[in-house]
Amino acid sequence: MNKRFGACGARLRAALRLLGLPLLLALQALVPAAVAGERITVAAASDLKFALDEIVADFRRAHPEGTVDVVYGSSGKFATQIRQGGPFDLYFSADIAYPRALEAEGLALGPTRPYALGRIVLWSRSRDASALRLQDLADPAIGRIAIANPRHAPYGKRAEEALRAAGVWEAVQPRLVQGENIAQTAQFVQTGNATVGIIALSLALNPALAAQGGHHLIDAALHAPLAQGFILTRKAEGKVLAAAFADYIGTEAARAVLRRYGFELPADD
Amino acid sequence: MPSLTSADWSAVWLTFKLATVSTVILLLVGTPIAWWLARTRSKWKGVVGAVVALPLVLPPTVIGFYLLVAMGPEGPVGRLTTALGIGLLPFSFAGLVVGSVIYSLPFVVQPVHNAFEAIGRRPLEVAATLRAGPWDSFFTVALPLARPGFVTATILGFAHTVGEFGVVLMIGGNIPDSTRVVSVAIYDHVEALEYAEAHWLSAGMLAFSFLVLLALYGRRRQAGGGLG
């Protein structure tokens, strides 16, 4: 009898050991929300990659109790995802038209706030891009030219406008390659698969890229302004941390970081 | 009513072309590999089999990333193609063919390998006693007997290449008539909020994929379970 009970106990222990890890993981998934304070998720255009990383790191030091996750991607994709109930509390778009549209559809908490003006640059790794001009791109010897997809990426639209204004749009057609977003465009140039790219100044000023080659700032008169804006989404309702982060973007500390990455700020000049 | 634009049609045609070229190359490359795998007693059999199966489990991003780096100007493949005067492969149709052949390799090798193994040694031994040379018995005995395996391999290789997305997104560069295949065109439509166009292409892909699988499973039922 005792022996049989013992065997039964051993089996139970084995079963518990087997179930232990999944059980623990399941429990852990339920707990942190209650224990670790608020958690917010920020969706941001990929031109913000390096600047926002710094801003978030500073913000985390000031708010150690909460968790801020940032996802980078293309502005258009995030707009679609937010319409379909995407779990983002804040949305930073490289084109202010996207958050404004969400605001008009009642998906925003409060008005769209402009946070920066983006600039585009010519950047290359194999050539001295600071000596390059848009007109030089017409020369087939330059090779492949990377831009972001002009159909949905804000930086791609402005790149197309600038190339058209410079009168070289037709000439570069056969050598044009399109990145899905501005970060992939920079990556095409960084791997050497494209000679030159039209990328965001904020990416070209990142230390890793800046060390690899100069850049030429494209005249802002050649394209429509890259007005960028952000919103708090409906998901952020009642979240103190989300509101605090939105306010932090307006502080001098955050603005200084944006300025250092080449963004022009709304009420700066 | 919105329907497919001419840009969409050229993406459809390009996808068809890519899948056809890739499938032909896959059959040419995959058949000797499958034959070797089915016949060899080499200790390398396990290693080669595992390498061939890798694309089944690897994320397409791994293949895309390594291809982009390897085929770039500083990569080994990029140096070779530049030296041969072909130029660089990323952002070109040829580059997509290379990517597709790697990505779909197990879908062609495995059915053919299984078909060759199912034949066994006996028919070939009989052919040998009738004085058929190894090439002769391969083409007149092994290939016809393995026919169902080749049909499955062709269907799967073609369909899997049509369904490729991640690798193309990473090495394609979205160039009309060269690298903008249907899956990428759908992605672009969705990003640009053109849902009607995305629906047309997506529904087409859905119908195509269903018909392909129906053909495959219908055939298998007729063949009595047969070869996978």
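Meeting the requirement of 3 or more residues that are closer than 29 Å to B:Y187 by Cβ, the strands (runs of 3 or more DSSP E) wholly within region A:130-241 are A:145-148, A:176-179, A:196-200, A:226-233. Scanning region B:40-55 for residues that are loosely packed, with under 15 Cβ neighbours inside 10 Å and of a type outside the set (S, T, Y) turns up B:R41, B:K43, B:W44, B:K45, B:G46, B:V47, B:A50, B:V51, B:A53, B:L54. Could you run through region A:133-188 and say how many residues are away from chain B (no Cβ under 11 Å) and more than 22 Å from B:E197 (Cβ to Cβ)? Adding up the residues that qualify gives 28. Kindly check whether there is at least one residue in region B:4-23 that is touching a strand residue (DSSP E or B) at 6+ places or on another chain (Cβ under 8 Å) and surrounded by 22 or more Cβ atoms within 10 Å (Cβ to Cβ). Taking every residue of region B:4-23 in turn, none turns out to be touching a strand residue (DSSP E or B) at 6+ places or on another chain (Cβ under 8 Å) and surrounded by 22 or more Cβ atoms within 10 Å (Cβ to Cβ).
Where in region B:142-220 are there helices (runs of 4 or more DSSP H), lying wholly inside it, with at least 3 residues that are of a type outside the set (A, V, I, L, M) and either within 20 Å of the chain's Cα centre (by Cα) or farther than 22 Å from A:A79 by Cα (or both)?
Working: elements: B:147-162, B:166-171, B:182-191.
Qualifying helices (runs of 4 or more DSSP H): B:147-162.
Yes/no per residue for (1) loosely packed, with under 14 Cβ neighbours inside 10 Å; (2) in contact with a Gly (Cβ under 7 Å, 6 or more places away or on another chain); (3) of a type in the set (A, V, I, L, M, F, W, C); (4) over 18 Å from A:F92 (Cα atoms):
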{"residue": "A:L201", "(1), (2), (3), (4)": "no, yes, yes, no"}
{"residue": "A:L205", "(1), (2), (3), (4)": "no, yes, yes, yes"}
{"residue": "A:A210", "(1), (2), (3), (4)": "yes, no, yes, yes"}
{"residue": "A:L241", "(1), (2), (3), (4)": "no, yes, yes, no"}
{"residue": "A:F245", "(1), (2), (3), (4)": "no, no, yes, no"}
{"residue": "A:Y261", "(1), (2), (3), (4)": "no, no, no, no"}
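Do you know which of the residues in region B:70-104 that are surrounded by 24 or more Cβ atoms within 10 Å (Cβ to Cβ) and within 15 Å of the chain's Cα centre (by Cα) is farthest from the other protein chains (Cβ to nearest Cβ)? Outline the logic, then answer.
Let us first name the residues in region B:70-104 that are surrounded by 24 or more Cβ atoms within 10 Å (Cβ to Cβ), namely B:71, B:89-91, B:95-96, B:99-100, B:103-104.
Those left that are additionally within 15 Å of the chain's Cα centre (by Cα): B:95-96, B:99-100, B:103-104.
Working: B:G95: 10, B:L96: 13, B:G99: 13, B:S100: 18, B:Y103: 19, B:S104: 23 Å.
Among those that are surrounded by 24 or more Cβ atoms within 10 Å (Cβ to Cβ) and within 15 Å of the chain's Cα centre (by Cα), it is B:S104.
Only the coordinates and a few stated rules stand behind these numbers; no lab work does. Everything numeric here is computed off the predicted structure, so don't read it as measured data. FYI the Cβ positions are ideal-geometry reconstructions off the backbone, even for glycines, and counts take in every protein chain you see.
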